[in-house]
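Down below is the structure, laid out as structure tokens.
The values are calculated or read from the model by the stated rules, or taken from the named source; none is laboratory data. Source: prediction; values computed, not measured. Backbone-built Cβ (ideal geometry, glycine too); neighbour counts: all protein chains shown.
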Amino acid sequence: MMADVAKEELAQTHETCIPFQSLTKAQVCDVGDSSAVNVLVNQTHAHFGRIDVLIHAAGICRAAPLLEMTDEQWLETLRVNLNGSFYITRETGKIMAAQQSGTMILMTSDRGIYGSADYAQYAASKGGMIALVKSLALHMGQYNVTVNGLNPGMTDTPLSRGANPTKYDSKLVADVLGKATTAQEVAHTLMYLATQASTYTTGQIIGTRLRHGQ
């Protein structure tokens with residue numbers, strides 16, 4: 001099951017799974033809406049019979065200097081990034097606990113560790129997600145469920161490019177490898193976390209990159 005709030009982008013992504021479309025489903029969902037998440041998780045479980053892996057990557061990132069930020073800008077980011085993480089892991093966690101197995105992977109960010117001058121709401125939401133990962137790992141271990149986070153570093157996505165093109169270029173200069181991570185490279189790390197190779201790993205935030213000055 002794949003889900004996204006953007007209907008057209010979701011359909012395009014689902015099209016790339018043509019060889020496996022009989023095994024996949026796509027559903028529009030706003031993760032910041034608790035009721036919508038409940039429907040998504042319940043329908044996924046009803047269709048497939050179980051949920052073995054959750055990869056949660058939904059998020060928004062919009063520049064707003066801290067002292068100029070509106071209540072709405074702050075709350076909307078936390079609604080999607082942090083509340084959404086809680087809703088999806090809570091509902092998926094119930095199913096994984098019942099089946100006594102599973103793994104959850106949340107896309108976190110190094111901004112949740114180092115902060116951000118122009119994206120304080122994003123940094124705060126990612127810091128909360130990091131704490132959520134560790135808290136979930138502590139709670140879900142009794143059910144044989146692992147929970148980890150991935151900080152992919154500067155990744156070449158429409159979100160990172162569109163947030164602030166000038167800063168995107170400056171971050172590439174600051175990166176020790178001088179380039180952005182690709183979606184395919186992120187997928188390789190996710191595959192490690194989602195398979196038997198990492199059954200002993202939980203409560204960890206996997207950092208992949210170093211930036212000069214952070």
Fill in: Evaluation of CYS17 against (1) at pLDDT below 95; (2) surrounded by 15 or more Cβ atoms within 10 Å (Cβ to Cβ) (one fails), failing number
(2)
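Yes/no per residue for (1) surrounded by 16 or more Cβ atoms within 10 Å (Cβ to Cβ); (2) closer than 16 Å to LYS134 by Cα:
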{"position": "ILE51", "(1), (2)": "yes, no"}
{"position": "LEU54", "(1), (2)": "yes, yes"}
{"position": "LEU66", "(1), (2)": "no, no"}
{"position": "THR89", "(1), (2)": "yes, yes"}
{"position": "GLY93", "(1), (2)": "yes, yes"}
Item to complete: Quick one: which helices (runs of 4 or more DSSP H) lie wholly within the stretch 1-96 and hold at least 3 residues that are within 27 Å of ASN144 (Cα to Cα)?
Response: 34-48
Response to the item:
Result of the Cβ filter at 6 Å on the stretch 180-205, keeping first residues that are within 13 Å of THR157 (Cα to Cα) and partners that are at pLDDT below 90 and of a type outside the set (Asp, Glu), at least 6 apart or interchain, is ALA180/MET154; ALA180/THR155; THR181/PRO152; THR181/GLY153; THR181/THR155; VAL186/PRO152
Item to complete: With the checklist (1) at pLDDT 90 or above; (2) touching a Lys or Arg at 6+ places or on another chain (Cβ under 9 Å) in hand, flag the one item MET154 doesn't pass.
Response: (1)
Response to the item:
The condition from (1) under 21 Å from GLN184 (Cβ atoms); (2) modelled with pLDDT of 85 or more that TRP74 misses is numbered (1)
Item to complete: Please name all residue pairs, on different chains or six or more residues apart, with Cβ atoms under 6 Å, provided the first residue is in the stretch 148-174 and is of a type in the set (Ser, Thr, Tyr) and the second residue is surrounded by 13 or more Cβ atoms within 10 Å (Cβ to Cβ) and modelled with pLDDT of 75 or more.
Response: THR155/ALA180; THR155/THR181
Discussion item. Being of a type in the set (A, V, I, L, M) and within 17 Å of the chain's Cα centre (by Cα) is the filter here; which residues of the stretch 119-147 pass it?
Written reply: ALA123, ALA124, MET129, ILE130, ALA131, LEU132, VAL133, LEU136, ALA137, VAL147
Worksheet item: Would you say SER109 is assigned to a loop (DSSP other than H, G, I, E, B) and free of Cβ contacts under 8 Å to residues at least 24 places away in the same chain?
Response: no
Discussion item. I'm trying to understand the selection: among the residues of the stretch 20-33, which are surrounded by fewer than 16 Cβ atoms within 10 Å (Cβ to Cβ) and under 20 Å from ARG79 (Cα atoms)?
Written reply: VAL28
Worksheet item: In the stretch 129-161, which residues are on the phi < 0 side of the Ramachandran plot and either assigned to a loop (DSSP other than H, G, I, E, B) or charged (D, E, K, R) (or both)?
Response: LYS134, PRO152, MET154, ASP156, THR157, ARG161
Worksheet item: Which of the residues that make up the stretch 112-128 are assigned to a helix (DSSP H, G or I) and hydroxyl-bearing (Ser, Thr, Tyr)?
Response: TYR114, TYR122, SER125
Worksheet item: Within the stretch 190-205, how many residues turn out to be outside any helix (DSSP H, G or I) and either in contact with a Cys (Cβ under 8 Å, 6 or more places away or on another chain) or within 21 Å of GLY112 (Cα to Cα) (or both)?
Response: 5
Worksheet item: Is at least one residue of the stretch 125-135 exposed (fewer than 13 other Cβ atoms within 10 Å of the Cβ), in contact with a helix residue (DSSP H, G or I) (Cβ under 9 Å, 6 or more places away or on another chain), within 28 Å of ALA63 (Cα to Cα) and among the basic types (Lys, Arg)?
Response: no
